[in-house]
Amino acid sequence: MAMDLVRELIFDVGAEAELPLPSRCTVDVSCLGQPEVQEAVSFALEESLYIAAYAGIDLKALDGITLAPDCRAAACALQNMPEGQVPLELSPQPESMELARTAAVRRDGELKFHIVVRPGLSVMAISPDKAMQRLAQACIAHEAAHVEHESHLYRTFPESYGKPLECGDRSRQTFLKAMDVWSEYAACRSSAAFRPEAVEEFQDIFCRAVEDCSGKALEQIKAHREGREAASVFRELQQLFGDVFIYAGYLLGHVHGLEMNLFKHLSSHENELLREPKLADLVFRLERLLHELWLTEFAWKSIEVFAPIYDLICEMMEQHGMMFVQQCDEWKIVMYEDQTALEAAQEALSRWQKPD
């Protein structure tokens, strides 16, 4: 007899109540075809939640787990915010990292967090291959860590959900990217022990992103010179450099979760990742900022704690040909293809903006 496609897990009995688990949550495996696979995956996911909770990850704000081929589409469909409200989770994520996603949902007026997982990853959890099982468990632990840190973010700044983010005279898209950098850093740092070897994968992904970003940025700016709409180029460049920083967040979080720092990690691998001085400076400054955010997470005073990450992203965009320029109360976007022209513009703006 086939099990129900949506199963309710109940955790609030006996000794289990001492674990940081919700009183109950759901597991939706309806996208899997065979009943025996549905059942096996459902129990494997339940076990993964217990393992994450035993490791100290706080899952009390978990709403449930849903399997879906398109994580982002499923996450958006799950979000039942009142009309006119805009949740943060609609922000795009790097496609190469989209094995799973955690989305905010409203349940009886309370904000919960729902994990969406690709079916292939969930099937890895019941694979006889131990490496596949480890990958699945590590991914669930990473999303479980998102539940912990995102729920804390909401409790600290409840006004951040349900309406356009108030981030001052800044680009909302880039500010959301700055918040995503922290989010992935925190989740990786909390779950690194589940799969320590993933640090090499995160390093490779970050290196490729850094190598590609200059060429891709130049292509976008050239397209603007050839008539492409500035707003479209602006969005693409923010996505591009925001993603580079998110990849850095993954790497730094995993390195710190293994109780190392980036310099120690790179030295042990004789890696030339940061041979570019300007890039090295940005990444090491980002490392310090993220570590400070980690140490002060329970004492944040305002959403402005993410502003220094935003400033670093803008600084990297400036290095590659795009600047935000303020003229009186109006912000403008300035883009240059030629490095010499960019440097001359930066110098001129620096002199212009200095007080008399």
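The values are calculated or read from the model by the stated rules, or taken from the named source; none is laboratory data. From a predicted model like this one, the values you see are computed outputs, not experimental measurements. Quick reminder, even Gly has a Cβ in these numbers, built from the backbone with ideal geometry, and neighbours come from all protein chains shown. Only protein heavy atoms, including side chains, enter the accessible area calculation; ligands, DNA and RNA are left aside. Shrake-Rupley method; radii C 1.70, N 1.55, O 1.52, S 1.80 Å.
Of all residues being among the charged types (D, E, K, R) and within 9 Å of Cys71 (Cα to Cα) in segment 100-119, which is least open to solvent (accessible area, probe 1.4 Å)? Just the residue, please. Across segment 100-119, the extreme among qualifying residues is Arg101.
Is one or more of the residues making up segment 66-82 over 23 Å from Ala192 (Cβ atoms), open to solvent by less than 30 Å² (accessible area, probe 1.4 Å), at pLDDT 80 or above and in a loop (DSSP other than H, G, I, E, B)? Among the residues of segment 66-82, at least one is over 23 Å from Ala192 (Cβ atoms), open to solvent by less than 30 Å² (accessible area, probe 1.4 Å), at pLDDT 80 or above and in a loop (DSSP other than H, G, I, E, B), which makes the answer yes. The listed residues are Leu289, Leu240, Leu258, Leu252, and the only one of them that is in contact with a Pro (Cβ under 8 Å, 6 or more places away or on another chain) and under 23 Å from Leu176 (Cβ atoms) turns out to be Leu289.
Of the residues examined, Phe234 is one that is in contact with a strand residue (DSSP E or B) (Cβ under 6 Å, 6 or more places away or on another chain) and over 18 Å from Leu279 (Cα atoms). Of all the residues in segment 4-47, those that are over 13 Å from Ile65 (Cα atoms), modelled with pLDDT under 90, open to solvent by less than 40 Å² (accessible area, probe 1.4 Å) and not in a helix (DSSP H, G or I) number 3.
Restricting segment 229-255 to residues that are over 13 Å from the mean Cα position of the chain (by Cα), touching a residue at least 24 places away in the same chain (Cβ under 8 Å) and open to solvent by 20 Å² or more (accessible area, probe 1.4 Å), the residue that is nearest to Ala138 (Cα to Cα) is Leu240.
Taking the criterion of being closer than 23 Å to Glu148 by Cβ and in contact (Cβ under 8 Å) with a residue 40 or more places away in the chain, the residues of segment 115-136 that qualify are Ile115, Val116, Val117, Arg118, Ser122, Ala125, Arg134, Leu135, Ala136. Apart from one condition, Glu211 fits all of (1) part of a helix (DSSP H, G or I); (2) under 21 Å from the mean Cα position of the chain (by Cα); (3) within 17 Å of Cys188 (Cβ to Cβ); the exception is (3).
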